[in-house]
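Heads up, the thing below is written out as structure tokens.
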Amino acid sequence: MKLSHRWLTRHLPDVPEPYVIESILIQMGIEVSAKESWGQDFAAVELVRVVARVAHPNADHLSVVTVEGRAGTMTDVVTGASNGMVGEYVWYAPPGTQLPDGRILDTVNMRGIPSPGMLLSASELGFQEAGGDLWVYRGDRPVGTTFLEAIGGVDTLYELELTPNLAVFDQSVLGIAREVAAVLGLQFRDPSREFRYGTDGNLVGIVDPMGCPVYGLTELRLEGDGTTPLWMQVLLRSIGIRLIHPVVDITNFVLWDIGQPLHAFDADAVVLPIEVRRATDGENMTLLDGSLCTLTPEDLVIADQKGPIALAGIMGGDRASVRPTTRHVFLESAYFSAAGIFKSARRHRIVSDAAQHYGKGADPSMVVVAADATLGLLREVSGLATRLERSTLQGKVPNRREIAFEPERIRQILGVSWSDQQIQEGLGRLRFEVRDRSVVIPWDRHDVMATEDLSEEVARLRGFDQIGATLPSTPTRPGSRDSEVSFHENLRDKWAALGYWEVVTRPFWDRSRDVLGLGFEGTPVVVTNPLREEESELRRDLLPNVLEVLAYNRGRREQPVSIFELAPVYHQRNGLPVEPMALAVAEVLEVAMQYPPAADVGIFRLKGALEWVNRQLNLGLHEDPSGPIPGFMHPGRSVALYNASDLLVGYLGEIRPRLASLKFHAKRIGVISLSPIVPSAPARGGVILAPSRYPDVSRDLSLMGPNLSYQAIIKTVSQSGALHLQKMRLIDVFAGDFGKSVTIRLIFQSMTRTLTDVEVDQEVRQVVDALKQQGVSLRGQ
Amino acid sequence: MGEDNADELRELGEQLQDASTVLQVQEIRNAWLGRKGIITARLKGVALLPVEERRQAGQQWNSVRLAIETMIDDALARLQNQEEILQLEQERLDMTIPGIEPAVALLHPLTRVRRLVEDVFLRMGFTLSYGPEVESEWYNFEALNIPPNHPARDMQDSFFVDIPNLVLRTHTSPVQIRGMQAAAGQLPVKIIAPGRVYRRDDDPTHTPMFHQIEGLVVDHKISLADLQGTLLAMTKDLLGSDIRTRFRPSYFPFTEPSMEVDVTCAACNGTGCRVCKGTGWVEILGSGMVHPVVLRNGGYDPKQVTGFAFGLGIERLAMRIFELDDLRLLYQNDLEFLSRFSRYTGRPAL
Ligand SMILES: [Zn+2]
């Protein structure tokens, strides 16, 4: 909602400075999302007096007008206007002035005579005025007055964000002024005069009293051609309301002034009597905005004997709408129940000022006040005579709600020690009437149902900063993360420490993004209203999201990429969602050009990282190079991963190089995909052995054999029965035309004595014999 | 000892003078003191002398040998020194070349900020609590006093899924209900619930997925003052003791009274700038006293207990801490951007 500071003076004669208003609004929970000054554009427009007027020598329909401005300056301006005679006061915009339509004025040559700027009509200033071309001023301000001064100077405009509860009662200048007055204890002008409706009961019948508890209708005859008073035009324009016709302008004004929507019908187009009823199925009507609206029995309509003339409380129909020529008017002031209006407006997707007010909840007691205010304002329109004819008020203003007054509970909820009297006084300022042990709720406070709500009211009024700051008195014992959460956090820490950057991706996914050819098992959770086509389901695999990040970064620049994410994936099982955690790691396998140069270890950095994490966090993973791996993986450079219960949980390896280059801007990419990711091996504690005090002996063996795998060598060596073999290390792998050769280093050591060469030789022989039985031979033998 | 010895020592001296490498000196040592060396031969000759001369000659040649050894050792030391100096000179590196830093990466800023907040509340005695992301409409809306057609459902445009009555949760607040149900009537309930949440928004200040941390305390006589005290402790802990905090009334269907919390803008220190739209304040969380309907849905009697709850946006806090103005950067995962966070060594320590 837009709020004009100037408008507030209607209800607050001593309106505080704009910055004070802003701080009060914030205290009351009304968010000020923007603030701007309004009217500055009018500062250049000046009141001038016409001192001479001659016909243009070269054009029949033009005149050269000499005007006297500030400090006696004389200016000749060419005008096509028929009015603006000598002695009249008119508005002059000098060159450089920007008009509301965006034009910036200049000195132009008008048929041989230079004309600086222009004399203005009302519409050129964005206002309405009956009468001639130029806007002739009839007030008593002196020459040189700016138009800005004439309309009361610069205004401050606030853009207010009203939360749904505040929108119920704060959606008007009156509502805001009341809040400000309550906080500051200011004098406040409450429009409370009520219109006395007549008893022409045959005008209207309420068929649905639940949807419409109160309905007032007044018949008006207008005579003459009035325009809306300038002060009202200024206020309406400042908050962005278009000026249409005095009757419509005034109902708009009353709507924003006191929050009560009104509607005017062209009475000549209405076939009486009017009914307030539910629409019939399939009934339809053309609305004011020209759209056709198909109604249902859930919609409340204002209908005459020919059909609906308004979608009640939301928008008028086209048939009986007020036109510039309309001089016979039915003025509606009514109270509709909020829920019905809210639902209808939503169903028809109509956002109108009336629906914005009725749909949140209006004040039934304002029906008669708004009617009175409207008729009063109509009388202010010069040149327009208003004659009141028939009128009627149907229905009855409901009683105000009463709830229990529980000051002790209010104190307890807020944690304050305010006295009963202070609380009662505070509520009173906000129009809550305390009677004995109950509180009478104002009609428009549909949001207040219980003591909790009253607590907020008192707190708002006195200021949230008046409430102390305490801590809950419950004893505090520091909390900690449980084992599962700690495991996840640990896992993240480990990968980051290893040099892999954590990324965070959104879980939205679509099979159109499946460049890996993952294939799809199981059932996804489908998003039925995605923001984008390519986000139509939730991911079942984390790796593609992480690879997209890799591709994004490689697409931007050729750079090393080592990233991981630990996040849920989503499956649908038996119609229910499950969200297991997954780990995905991706790394571009290339050696950065650097000095001193780095070693190229390829996929073995990633593999080593996983092996380290596996051991550190008891993941219990073991690998199988011949296990199942997805088709997009390099078959010779991948392993399947199993957990301690031999359940297949993922894979590690390289993406096929061709796919990597084609889709991810990198020749070689190493990846890990794991899900579910849980520690599956028991934690290992216990004794850490002291090292032997005796020297160790190492021997290197170069081995050859068909399909030599290191895993097989380890297995054979460790089962060879060599008693003092402590460690074994791979120190070289060499491939030549002879096949593949693997050099291992064996380290022997005893805990109790120094081993002799003979003993070590004996054990080496044992190892070699075991290897030979597996078809492995020593190189050079 | 006579002319003889002096000549020999002079000759040795000259030889050593001429030697320019350690190897040459070692050759000289061999020539003089080796098994077939000059002095060795002389010493052997002593054995042939008559007994009465043998003792004196022996002593004499021994002292000559000692003198020779000293001369050779000195020469050796001199040359080794020279060679070391040469080697050190040859091995000179350009030590202005930067070192190879260990390839340590960082956790995502959202993870770091989330943990920071969690740690603050863990110290205050909260425990962590979690709920599903694909959540039932009952937990996400109805249980939180947001019936169908409630305007607040407009404020939180939801993603729906192809499973009836489920949505992607629009906030972490459903964990309030789950947390109370899990506590099963025990007091106090004192939980925080971090997690991902989803809303159909995508612009510089909204992303369809973001992170929240929900807090909930339920006990006898919990008050709005307790909420303010807890949040003040949190903001000071998170953002430093010179931070200013402002409490404003607000509206959430699941709290009453409701309250939003602003802190002074980091970018301008409260004087007003583009980041804070000129207000000097940045909103960091929404909170309030748990609505009686919510307490009942969690299995607690609002006549017996009260509670407060709050929900904090991790992205928003991260933006406040790192002075970011575009939320979407946090989801682009541009390594150039992420690696910049390693330069952040400010307060709070992350
Ligand atoms: Zn700022």
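Computed quantities for the displayed model
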| read-out | value |
| --- | --- |
| Links that overshoot a 26 Å alpha carbon limit, given the list A:35/A:343; A:343/A:396; A:494/A:740; A:607/A:740; A:715/A:740; A:607/A:715 | A:35/A:343; A:494/A:740 |
| Karplus-derived 3J(HN,Hα), 6.51/-1.76/1.60, for each residue of the stretch A:317-327, Hz, glycine and proline x | x, 6, 4, 10, 7, 6, 10, x, 8, 4, 10 |
| Per-residue ³J(HN,Hα) for the stretch B:336-345, Karplus 6.51 cos²θ - 1.76 cosθ + 1.60, θ = phi - 60°, Hz, x for Gly and Pro | 4, 6, 4, 6, 5, 5, 6, 8, 6, 10 |
| Eligible lysines near residue B:190 by straight Cα distance, threshold 21 Å, same-chain separation 8 or greater | B:221, B:236, B:303 |
| Unpaired by the 4.7 Å Cβ criterion, cysteines found in the protein assembly as shown | A:212, A:293 |
| Percent RCO, i.e. relative contact order, over the stretch A:198-330, from Cα pairs under 8 Å lying at least 6 residues apart | 28 |
| Exposed GluC sites (Glu not before Pro) absent - longest run of chain B, DSSP non-H/G/I/E/B, at most 15 other C-beta within 10 Å | B:92-322 |
| Residue mean of other protein chain beta carbons inside 10 Å, B:192-201 | 2 |
| Structure-based [θ]222 nm, the protein assembly as shown - -39500 (n - 2.57) summed over DSSP H runs of at least 4, per residue, nearest 500 | -9000 deg cm²/dmol |
| Portion, in percent, of the accessible area of the stretch B:3-90 that falls on carbon or sulfur, probe 1.4 Å | 50 |
| For B:217-223, mean number of other protein chain Cβ atoms within 10 Å | 5 |
| Pair residue B:221, residue B:119: separation of 7 Å Cα→Cβ label points (nm) | 3.4 |
| Accessible area per residue in Å² at 1.4 Å probe, computed on the protein assembly as shown | 46 |
| Share of carbon and sulfur in the accessible heavy-atom surface of chain A [1.4 Å probe, %] | 50 |
| Nearest-0.05 FRET efficiency for residue A:683 and residue A:523, computed from C-beta distance (R0 25 Å) | 0.10 |
| For chain B, the longest site-free run once trypsin sites (Lys or Arg not before Pro) in DSSP loop states with at most 10 other Cβ atoms within 10 Å are removed | B:93-273 |
| Two-decimal log10 I(q)/I(0) for the stretch B:69-143, as the Debye equation yields it once each C-alpha is a single scatterer, q = 0.13, 0.14, 0.25, 0.28 Å⁻¹ | -0.76, -0.82, -1.12, -1.16 |
| Whether the stretch A:574-723 is rounded, prolate or oblate, judged on the alpha carbon gyration tensor where a/c under 1.5 counts as rounded | oblate |
| Bridge type composition, the stretch B:109-341 - antiparallel percent by DSSP, nearest 5 | 95 |
| Rg/Rg_ref, the stretch B:3-90, where Rg_ref = 2.2 N^0.38 Å and atoms are Cα | 1.30 |
| Karplus 3J(HN,Hα) series, Hz, for the stretch A:51-57 with 6.51 cos²θ - 1.76 cosθ + 1.60 (x for Gly, Pro) | 10, 7, 8, 10, 5, 5, x |
| The stretch A:131-179: chymotrypsin sites (Phe, Trp or Tyr not before Pro) in DSSP coil with no more than 13 other Cβ atoms inside 10 Å | none |
| Contact order relative to length of the stretch A:413-570, as percent, for alpha carbon pairs under 8 angstrom and 6 or more apart | 18 |
| Net length gained if the chain between residue A:737 and residue A:76 were fully extended (0.36 nm per residue, minus Cα distance) | 227.5 nm |
| Filtered chymotrypsin sites (Phe, Trp or Tyr not before Pro), the stretch A:732-763: DSSP coil and at most 14 other beta carbons within 10 Å | A:738 |
| Virtual spin-label span in nm between residue A:189 and residue A:210, 7 Å along Cα→Cβ | 4.2 |
| In the A-B interface, the accessible area buried, summed over both sides, Å² (probe 1.4 Å) | 7100 |
| Label point distance in nm, residue A:512-residue B:339, each placed 7 Å from Cα along Cα→Cβ | 3.4 |
| Relative contact order computed over the stretch A:348-456 (Cα-Cα under 8 Å; 6+ residues apart), in percent | 30 |
| Spherically averaged projected area in nm², based on the convex hull that wraps the Cα atoms of the stretch A:1-99 | 10.1 |
| Cleavage-rule hits (trypsin sites (Lys or Arg not before Pro)) in the stretch A:57-119: DSSP loop, at most 15 neighbouring Cβ within 10 angstrom | A:103, A:111 |
| Long-range amide H partners of residue A:649 with built H, under 5 Å | A:641, A:642, A:643 |
| Rg [Å, one decimal], Dmax [Å, integer] - the stretch B:109-341, C-alpha atoms | 17.4, 55 |
| Mean projected area in nm² (Cα convex hull; one quarter of hull surface) for the protein assembly as shown | 76.3 |
| Segment residue A:141-residue A:476, length gained on full extension (0.36 nm per residue, minus Cα span) | 113.4 nm |
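The values are calculated or read from the model by the stated rules, or taken from the named source; none is laboratory data. Keep in mind that this is a model prediction, so the values were computed, not measured. Ideal geometry is used to build each Cβ from the backbone, glycine not excepted, and the neighbour counts take in all protein chains shown. Surface accessibility is based on the protein's heavy atoms, side chains included, excluding ligands, DNA and RNA. Shrake-Rupley method; radii C 1.70, N 1.55, O 1.52, S 1.80 Å.
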